[in-house]
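Q: Supplied in structure tokens, the structure appears directly below.
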Amino acid sequence: MRFEILGEVRALREANVVDLGPAKQRAVLAVLLLQPGRPVPTHQIVDAVWGDDPPENGANVVQKYVAGLRRVLDPDRAPRTPGELLALTGSGYVLRTDEASVDAEEFQAALALGDTHRRAGRPAEAAAALRGALALWRGDALAGLTSPVFEAARNRLTEARANAWEKWSEIEVSLGHHTAVLPDLSRLVEEFPLREGLRAQLMIALHQAGRQAEALAAFRDARAYFLEEFGAEPGERMQEAHRKILRGEPFYTEPVDPWAGSAEPIPVPDSPAPSLSVSIPMTTPQPYAVPYAAIPPGDPFLSMLTSVQKERHRLPLGELFLAILAPLVSFGFGTWFYFVYAATKHHDRRQYFVAAIYAVLLLVGFSLAFVVDPSPVDSDVFTTAENVGFPIFLIPPLISAAHGALVAVHLGAGRGEWARRESARQLAAFDPARARQIGIGRPAQLRSFSDGGLVDINHAAASELTALPGVGPELAYRIVHDRHQRGPFRTADELVARGLVTARQMARIEPRVVCIAAAPSFR
């Protein structure tokens, strides 16, 4: 078997594409492929696939899709026997890839192989390994999957891809292949406009090819772009390249080391086949920063979070009964009552509007049925007003009961998200170091708890900040750039004070923003 996520999620058996079934079933497989060989709890699969709108019977739905995946991925398995490829353990479902290949792992292994070649002084082989890694991509990673977890994973994988292109181009230009890489660099600058390294390599390649005017024009275009989009000058790397071009200085007298500054060597197996033990280079973002092993199962800090997590499956029974009984017990006069209660309790102004509609229907129906043109008591024939009024008076209570029940369930689920966010905020304020360690406010991580979708603006990467409503890549880049230049945020309101977002934008993202104190620095 071969599994691919660097493009549309696919499974292949002997080079033949396997029909993975419905979109949600494909999404369940994608979650397991983001953690190959490791068990993924059912609630994490539900969170990743359905986001803020999970099904009530999420565990049963996941079980159904897992059964469907077993049928297509392991057709030779006898019915009602435990799965070998896709197994259920005490910790969740695990996709065993010991005898299968995953393109994302091959990508990471090729990056590590390039690092090995570079450390051994073989830049040409390093460039070839990087180009081989990049050839594994067939389009946008996890194409077609749209939940916050998939978006964050896609952004991180795309960031790793951009890093690989940047290193490859730098090696090629340093080897004197500037003319050959110019078409690729021009395309990559269009694809990754925020990558200053690619822009700098385009300038250098043009300069090395004797096209100084075009190199300087590339800098002017980049400067205009950054000033217009972010109000900031290009970084030091581009500035230094610009100064050297103006002075006519050569750039590379020997091949460069694009991995300079990496933490430690990355172990690579002797076998060319990719291994699950191969880790990604330190300069490439990993899909998830906190492994499960870093969080002890009996950690009391997590017990409070996981206890709140269990609340998600509890229906708000009191509110549900109120929504159903209020219009029925009151003989239609209370159709509006629950919606006013819900609007007040959950601070949802839309429910006031709904209550007003039911109140108007009540008044109109009652007036037509009993006030405008009532028929004589001994008459067997209703008037036209009564024929219109009685349905308007009698049908809305039934609609209101069903409508109110749906609203109660929906708002109850939202209340659970709010409770999880508040619990996570309190724990982060109590112990910021522990909150940073377990990943509160880091939506790209699959964790054993839910923080209600919080995003830590002091530690989240730009790709994670895009999980906030209305925050695109450009705004996320500005936030990260600002906190690096001016220091971490003390409160969420500083986003407005620093001119990064408007008050209206802040009102939209504030429920999901958290500011976890940065670790103290020692100089």
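Q: Could you give the accessible area per residue of region 101-155, probe 1.4 Å, as a whole number in Å²?
A: The answer is 36 Å² per residue.
Q: Return the long-range amide H neighbours of VAL102 (sequence gap of 5 or more, or a different chain), with a cut-off of under 5 Å between placed amide H atoms.
A: Amide H to amide H, under 5 Å and 5 or more residues apart or across chains, VAL102 pairs with PHE3.
Q: What length, rounded to one decimal in nm, is gained on full extension from ASP380 through to GLU14, with 0.36 nm per residue of separation minus their alpha-carbon distance?
A: 123.9 nm
Q: Additional query: Take every Cα pair under 8 Å in region 37-114 that's 6+ residues apart, average their separations, divide by the length, and report that relative contact order as a whole percent.
A: Answer for region 37-114 is 37 percent.
Q: Could you check the simple spin-label distance between GLU214 and HIS410, using points 7 Å along Cα→Cβ, in nm with one decimal?
A: Label at GLU214, label at HIS410, 5.6 nm between them.
Q: Starting at the first residue of region 348-362, write each ³J(HN,Hα) from the Karplus equation 6.51 cos²θ - 1.76 cosθ + 1.60 with θ = phi - 60°, in whole Hz, x for Gly and Pro.
A: Whole-Hz 3J(HN,Hα) from phi for region 348-362: 10, 5, 4, 5, 4, 5, 4, 4, 5, 4, 5, 5, 5, 4, 4.
Q: Using each residue's phi in region 115-130, evaluate 6.51 cos²θ - 1.76 cosθ + 1.60 at θ = phi - 60° and report the 3J(HN,Hα) Karplus result to the nearest Hz, with x for Gly and Pro.
A: 3J(HN,Hα) across region 115-130, in whole Hz: 5, 4, 4, 5, 5, 8, x, 10, x, 5, 5, 4, 5, 5, 5, 5.
Q: Then there's this: Counting only protein heavy atoms and using a 1.4 Å probe, what share of the accessible area of region 97-241 belongs to carbon plus sulfur, as a whole percent?
A: 50
Q: So, taking all protein chains as they sit and a 1.4 Å probe, how much accessible area belongs to TRP336, in Å² rounded to tens?
A: About 90 Å², rounded to the nearest 10.
Q: Please sort 238-250, 103-115 by packing, taking for each peptide the average over its residues of neighbouring beta carbons within 10 angstrom, highest first.
A: 103-115, 238-250
Q: May I pose another question? For a protection proxy built on the mean count of beta-carbon atoms within 10 angstrom, sort 197-203, 23-29 highest first, please.
A: In decreasing order of mean packing, 197-203, 23-29 become 197-203, 23-29.
Q: Once both labels are modelled 7 Å past Cα along the beta-carbon direction, what's the GLU240-ALA224 spacing in nm?
A: The modelled label-to-label distance comes out at 2.7 nm.
Q: While we're looking at this one, here's another question. Would you please give the residues with an amide H less than 5 Å from that of VAL513, counting only those at least 5 places away or on a separate chain, with H modeled from the backbone geometry?
A: Excluding prolines and chain starts, which carry no amide H, the hits are VAL455.
Q: Shifting gears a bit: May I ask you to order 479-492, 503-516 by the average number of other C-beta atoms within 10 Å around their residues, highest value first?
A: 503-516, 479-492
Q: Excluding residues fewer than 8 places away in the same chain, name every one of the aspartates and glutamates whose C-alpha is closer than 15 Å to that of LYS244.
A: Within reach: GLU214, GLU236.
Q: Determine the sum of side-chain charges near HIS403: Lys and Arg each +1, Asp and Glu each -1, restricted to other residues whose C-beta is under 15 angstrom from that of HIS403.
A: Taking every Cβ under 15 Å from that of HIS403, the sum is -1.
Q: Ok, one more. Given H placed 1.01 Å from N in the peptide plane, which residues other than close sequence neighbours of ASP451 have an amide H under 5 Å from its amide H?
A: Residues meeting the criterion, in which the H sits 1.01 Å from N, do not exist here.
Q: Through the Karplus equation 6.51 cos²θ - 1.76 cosθ + 1.60, θ set to phi - 60°, convert the phi angles of region 41-46 into ³J(HN,Hα) values in whole Hz; use x for Gly and Pro.
A: Working through the residues one at a time gives x, 4, 5, 5, 5, 4 Hz.
The values are calculated or read from the model by the stated rules, or taken from the named source; none is laboratory data. Because the structure is predicted, anything quoted here is derived from the model rather than measured. Methodologically, a virtual Cβ is constructed for each residue, glycine included, from the backbone with ideal geometry; neighbour enumeration extends over all protein chains shown. Ligands, DNA and RNA are stripped out before the accessible areas are found, and what is left, the full protein with its side chains, is counted by its heavy atoms. Shrake-Rupley method; radii C 1.70, N 1.55, O 1.52, S 1.80 Å.
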